[in-house]
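Below you'll find the structure, written out as structure tokens, and then a few comments.
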Amino acid sequence: MNFRQFDTIIDVRSPAEFAEDHIPGAISAPVLDDAERAEVGTLYKQVSPFDAKKLGAALLAKNVARHVDSLFRDKDKSWRPLVYCWRGGKRSGAMAHILREIGWRAETLEGGYKAYRRWVVGELETIPEKLEFRVIHGPTGSGKSRLLGALQAAGAQVLDLEALAAHRGSVLGNLPDRAQPSQKMFESLLLNQLSLLKTSTPVFVEGESKKIGQLQVPEALIARMRASPCILLEAALETRVDLLLDEYRHFLEERALLEKQLDCLVALHGRERIAEWKALAARSAWRELVTRLLAEHYDPAYRRSSHRNFAQLSDAEKVSIAGADEAAFARAARSLFPRAALAAA
């Protein structure tokens with residue numbers, strides 16, 4: 001599906017439908033809001049299809065008129081929008097018809113969102129095999145995400161799964177200012193990012209597990225990553241603690257939130273150990289807490305899973321991170337990217 005040929009993608013489904021998933025970059029211009037859609041649906045079932053269509057038409061006309069007067073007021077005659085709804089039927093057809101009557105070259109998406117969703121699932125099964133990945137590994141706190149950012153700044157191709165998933169991939173990985181997207185929205189964002197990548201140049205990606213927070217990484221992508229060459233980050237314990245203290249600053253400011261997340265580990269570590277960790281937090285012994293979390297939770301978990309899941313990790317190129325500042329990661333990125341570019345040439 002080539003969406004880039006259109007100036008605007010218009011999603012006319014209800015706000016709730018849009019919130020669950022939509023084509024990346026689409027704008028929400030519902031012809032029926034959530035309450036109106038429910039009202040029309042109830043009327044259809046309990047009274048008659050005719051009465052439901054009559055009410056729906058009146059509401060649709062009112063809402064489309066509002067969108068024309070607000071969202072589309074500044075569009076010139078050459079504007080070319082794509083309109084879609086759930087199945088590519090009445091809602092998108094009505095909006096597109098009105099826009100065409102005004103003089104704009106409006107088109108509808110055949111099959112609507114349902115067709116788009118089938119396309120997303122199919123593409124996520126095939127695209128990963130076409131890409132060459134370099135998978136960045138390292139124990140928690142070694143700066144994998146920061147290295148990805150430095151590589152991107154240096155011009156390398158990067159796939160940041162944790163940014164797309166709005167989660168840092170560990171028990172303390174929830175972001176303070178962003179909820180995770182739905183699984184469907186994550187897959188839409190992921191496909192949008194994958195479609196921008198060139199097959200001729202390696203793509204740097206962090207070595208994730210199958211789940212990032214509550215979201216599943218598509219099977220074809222995780223399988224491709226696990227069979228790819230690896231890069232292993234090495235950093236001193238002091239550097240790792242510095243990086244984690246900066247990354248998890250919000251937990252230092254909201255101890256109740258930290259304790260709630262630590263409670264998720266009771267089944268693994270027992271109440272006595274969790275109580276010890278909480279006691280360290282209560283007296284703001286942050287460096288000691290992070291050091292113990294690394295030694296007692298994160299590092300053993302990393303050792304258990306990494307070599308088992310990534311076949312080429314034992315042959316990984318090792319990269320040392322000498323410090324927690326941006327310059328250290330910029331140096332590491334420069335050491336990796338020229339070699340990766342030459343390897344693809």
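Restricting segment 198-237 to trypsin sites (Lys or Arg not before Pro) that sit in a DSSP loop and have at most 15 other Cβ atoms within 10 Å of their own Cβ leaves Lys198, Lys210. With the cut-off at under 20 Å, measuring from each backbone N in segment 228-243 to a point 7 Å along the Cα-to-Cβ line of Arg287 picks out 235-243. Ranking Ser200, Leu289, Leu175 by Cα position along the charge dipole of segment 165-310, where only Lys, Arg, Asp and Glu carry charges on their C-beta atoms, puts Ser200 farthest toward the positive end. Here the gap between Asp34 and Glu101, fully extended at 0.36 nm per residue and compared with their Cα-Cα distance, gives a gain of 21.4 nm.
Quick one: accessible area per residue over the chain, 1.4 Å probe, rounded to a whole number of Å²?
On the way: 17290 Å² over 345 residues.
Heavy-atom accessible area per residue stands at 50 Å².
According to the Kirkwood relation over distinct C-alpha pairs, the hydrodynamic radius of segment 89-221 is 17.0 Å. Calculated FRET efficiency, Asp76 to Gln152, Cβ-Cβ distance, R0 = 45 Å: about 0.80 to the nearest 0.05. Approximating the spin labels as points 7 Å out from Cα along Cα→Cβ, the Ser335-to-Leu257 distance works out to 3.4 nm. Size descriptors for segment 35-149 (Cα atoms only): Rg and Dmax, in that order, 21.9, 63 Å. For Glu234, the residues whose amide H sits under 5 Å from its own are Val319, Ser320, Ile321, ignoring neighbours fewer than 5 places away on the same chain, with H placed 1.01 Å from N.
Would you mind telling me the share, in percent, of accessible area of the chain contributed by carbon and sulfur at probe 1.4 angstrom?
Working: 8930 of 17290 Å².
With neighbouring chains kept in place, the figure for the chain is 52 percent.
Relative to the 2.2 N^0.38 Å rule of thumb, the chain has a C-alpha radius of gyration ratio of 1.22. Towards the positive end of the charge dipole of segment 156-279, with charges on Cβ (+1 Lys, Arg; -1 Asp, Glu), say which of Gly213, Ala256, Leu232 has the farthest Cα. Among Gly213, Ala256, Leu232, the one farthest towards the positive end of the dipole of segment 156-279 is Gly213. For segment 10-127, a simple Cβ point-charge model (Lys and Arg +1, Asp and Glu -1, everything else neutral) yields a dipole of about 440 debye relative to the Cα centre.
Only beta bridges with both residues in the chain are counted; by DSSP, about 10 percent of them are antiparallel.
Can you give the local net charge around Thr291? Use residues other than it whose beta-carbon is closer than 12 angstrom to its beta-carbon, Lys and Arg +1, Asp and Glu -1. In short, -2.
For the pair segment 93-166 / segment 179-211, the C-alpha centres are spaced 6 Å from each other.
Close amide H pairs (under 5 Å, H built 1.01 Å from N) link Arg134 with Val203, Phe204, Val205, residues at least 5 positions away or on another chain.
Here segment 46-112 is assigned +1 on the Cβ of each Lys and Arg and -1 on the Cβ of each Asp and Glu. Its dipole about the Cα centre then comes out at about 60 debye.
Look at the dipole of the chain built from charges on Cβ: of Leu148, Leu280, Trp119, the Cα furthest out on the positive end belongs to Trp119.
Full extension of the chain between Ala227 and Glu129 gives 34.2 nm of extra length, using 0.36 nm per residue less the Cα-Cα distance. Relative protection proxy for 305-317, 160-172, from highest mean packing down: 160-172, 305-317 (other beta-carbon atoms within 10 angstrom).
For Cys264 and Phe50, compute 0.36 nm times the residue count separating them, minus their Cα-Cα distance, and round to one decimal in nm.
Taking Cys264 through Phe50 to full extension adds about 71.8 nm, to one decimal.
Remark on Val83: its backbone amide H falls under 5 Å from those of Ile10, Glu107, Thr108, Leu109, a criterion applied only to residues 5 or more positions apart or on other chains, H modelled at 1.01 Å from N.
Give the relative contact order (percent, whole number) for the chain; include only Cα pairs under 8 Å separated by 6+ residues. Rounded, it is 17 percent for the chain.
Each Lys and Arg adds +1 at its Cβ and each Asp and Glu adds -1 at its Cβ; summed about the Cα centre, the chain shows a dipole of about 720 debye.
Three principal axis extents of segment 211-345 based on alpha-carbon atoms, in descending order, are 54, 35, 23 Å.
The values are calculated or read from the model by the stated rules, or taken from the named source; none is laboratory data. Note that the structure is a prediction, hence the values are computed from the model and not measured. Quick reminder, even Gly has a Cβ in these numbers, built from the backbone with ideal geometry, and neighbours come from all protein chains shown. Side chains are part of the model used for accessible areas, which takes the heavy atoms of the whole protein and leaves out ligands, DNA and RNA. Shrake-Rupley method; radii C 1.70, N 1.55, O 1.52, S 1.80 Å.
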